[in-house]
Structures are given as C-alpha cells and as structure tokens.
Amino acid sequence: MKKKIFQKYMTRPLVYMTITRLMTALIFLLAVTKFLNTRVTNSAVSGFLAALFALFAYLVYLRMDGLRIPRMKYFKSKKKKEPVITQSSMTDHLDDDAPVTFDELEEDERDWISFVSSAVNFVIFTVLSFII
C-alpha cells in the first residue's frame, strides 16, 4: 500500500457494505438466540460473530498482501428486455456526479473496503460481546 487508498468516492460503498454486514449479523444473532437454542446467550453469539468478522478481515488482508484464492465464476443469466419507460427531462441533473457502486471500483479498492467493513464489524461485535 504505497499510495493513499481511501478516496472520497469510496465512502458510499464502505458505508453500504458495513451496514449491510452489520444488519445481516444482527438478524443472525436474533435468529440464533430466539429460535435455535435457549441456552445460547447473546454474548456467546456476539463473540462468535466477532471471531467470524476477524477471520474475514484476515482473509482480505492476505488477499491484499498477494494471496489469491480461486473463486467460483459467476454465471450471468440472460438479460431481459427493459420495458420502455417515459422519463422526464434530465437537464436539472447534468452537473451531478453519478454515485460509484462497489462493482465499479478497482480490485484493491474493493479489497480495502471489504477489510475496513469487516474490521468495523469486528470491533462492534467485540464490544457487544462484553456489554450484553
């Protein structure tokens, strides 16, 4: 990492990924403590999720360091024809910058966002495991 990685346009994908992972993990926490077993405490599940996010962050760190794990190729389905939609004038929005999505970022930027997102969730669930 010789150059500065974080840029202003990466804020939106970082926030979206962090919140999405946090909400998914909280739903998992609720489902496990509510439906799976009555002896499992929230603290134990939060500790498990913290360890899981630490593992994710470590794997992304290894990927940023040069380790490549073969991934399964995604199969793209056939594109459906888009329906014709009447639209209003876009002259009011010509000067606006289009928001950058996660897929439009370069590979090292995606890795960095995934690492920071996992690290933030690791900290959140570590704190939750001690509080709950």
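Here, each number is a calculation from the coordinates, and none is a lab measurement. Please read all numbers here as calculations on a predicted model, not as lab measurements. A quick note on method: Cβ atoms are made from the backbone with ideal geometry, for glycine too, and the neighbour counts reach across all protein chains shown.
Provide the packing ranking of 17-28, 100-111, i.e. peptides ordered by the mean count of other C-beta atoms within 10 Å per residue, highest first.
Descending packing order for the listed peptides: 17-28, 100-111.
Applying 1/(1 + (r/R0)^6) with R0 = 35 Å to the Cβ-Cβ distance of R39 and M64, what FRET efficiency is obtained, to the nearest 0.05?
For R0 = 35 Å, the calculated efficiency reads 0.35.
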